[in-house]
Amino acid sequence: MSEPPMLSTSTIASHVSPSHRGLVSLNSSHQFQGRGDLPSDVWLEILSLLHYREFFSINRVCKVLHDLIDQRDIWVHALRGMCQQHAVFLPSYPIEDMDVRELQRAVTGPARFTALTRNHKSTTLDEETPTLPFSSIFSLSLDTRSIWTDIGSEGMFLVPGGRFLITANDECLVLSDLGAAGRQPFAQPLILAEQSYRTPDVLVGSIEEADIHFLHLGVVSDGENRLRIIVALHDSTANTVTFLAYEIALPCVQQSRFTRLGVLRIAIPEDMAQFMGGGTGVRFCKVFLISGKLFHVEIL
């Protein structure tokens, strides 16, 4: 009986799911020696279906599997899977500049953190309770620029991954880079994009007379490399609540621009404003959900 023909790379790739097709490597030089062995492309597809924790066991089986698992493509794919599983923003990692060891450390980060907290867990909370030290401490130095002034807890959002910080106040929306995950943070934040609200297409009436109060900031990721942002503002002069929707793709360079997706303006009835106590009028505004082009808010 004749042996079955060896599958070609092109034949394998045609049956590989799109999410794993990137792992059908250009490197097909590694082949198992012996009767009926699979080409490395097939092994790469099999490895792509495994959890990264299995890699550390498989790489001890033989040199060929060790070499396959040590390929950078495998760990880039694993990093994407980790970010999806733990809702970490992928551009937090400088993937293009990371070697295999840095990728492995990033992929295993959540598991190592879980093990660290488990080893330090305590049933009580007092002065003797063990605490984990800060990996880094970052402080914003306030200056005369409006982007760092009057920022409360509702006006700050640290994007999961720890690299990008979005801040909003009564004047503007700012995206800052604190430094890539796993590397030394910057001494001061690198401002990537800044957007002022005081524009004629946003405000009702005179820009100079507008009395703007920041209400709420909502941020979600959209795909692997985009952030969608909702800023809620109250103009007590016009007695309106305005929602500004923005989008930005990352990573990006300095002086990038937010793409504005839309503006929603809600007029607050005069009797309601008086019932709320007048002045700033709106006491509470929260963006509960941002999903695609839709967002849900509650105004009280």
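The values are calculated or read from the model by the stated rules, or taken from the named source; none is laboratory data. This one's a predicted model, so the numbers in the text were calculated from it and none came from an experiment. Note that each Cβ is placed from the backbone with ideal geometry, even for glycine, and that neighbours are counted across all protein chains shown.
Quick look at the numbers
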| item | result |
| --- | --- |
| First in the range 183-204 and on the phi < 0 side of the Ramachandran plot, second anywhere and acidic (Asp, Glu), Cβ under 6 Å, 6 or more apart | Leu190/Asp177; Leu192/Asp177 |
| Pro185 vs. criteria modelled with pLDDT under 85 and under 30 Å from Ile95 (Cα atoms) | yes |
| Residues located in the range 172-190, provided they are surrounded by 18 or more Cβ atoms within 10 Å (Cβ to Cβ) and either within 30 Å of Asp211 (Cβ to Cβ) or among the β-branched types (Val, Ile, Thr) (or both) | Leu173, Val174, Leu175, Ser176, Pro189 |
| Hits in the range 78-87 (condition: over 13 Å from Arg53 (Cα atoms) and in contact with a helix residue (DSSP H, G or I) (Cβ under 7 Å, 6 or more places away or on another chain)) | Arg80, Cys83, His86 |
| Tally, over the range 86-120, of residues that are over 16 Å from Ala181 (Cβ atoms) and touching a residue at least 12 places away in the same chain (Cβ under 8 Å) | 4 |
| Among (1) modelled with pLDDT of 75 or more; (2) surrounded by fewer than 19 Cβ atoms within 10 Å (Cβ to Cβ) - the single one Ser29 does not satisfy | (1) |
| All positions within the range 161-177 that are in contact with a Ser or Thr (Cβ under 9 Å, 6 or more places away or on another chain) and not polar (S, T, N, Q) | Gly161, Gly162, Arg163, Phe164, Leu165, Ile166, Asp170, Glu171, Cys172, Leu173, Val174, Leu175 |
| Long-range neighbours under 6 Å by Cβ, at least six apart or interchain, first residue in the same structural domain as Leu44 (by TED's automatic domain parsing) and outside any helix (DSSP H, G or I) within the range 54-70, second surrounded by fewer than 15 Cβ atoms within 10 Å (Cβ to Cβ) and not aliphatic (A, V, I, L, M) | Asn59/His66 |
| Count of the range 235-271 residues which are within 25 Å of the chain's Cα centre (by Cα) and not in a strand (DSSP E or B) | 8 |
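Yes/no per residue for (1) modelled with pLDDT of 80 or more; (2) closer than 14 Å to Gln104 by Cβ; (3) not basic (Lys, Arg):
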position: Met1; (1), (2), (3): no, no, yes
position: Pro4; (1), (2), (3): no, no, yes
position: Gln33; (1), (2), (3): no, no, yes
position: His51; (1), (2), (3): no, yes, yes
position: Phe56; (1), (2), (3): no, yes, yes
position: Val64; (1), (2), (3): no, no, yes
position: Leu79; (1), (2), (3): yes, yes, yes
position: Met82; (1), (2), (3): yes, yes, yes
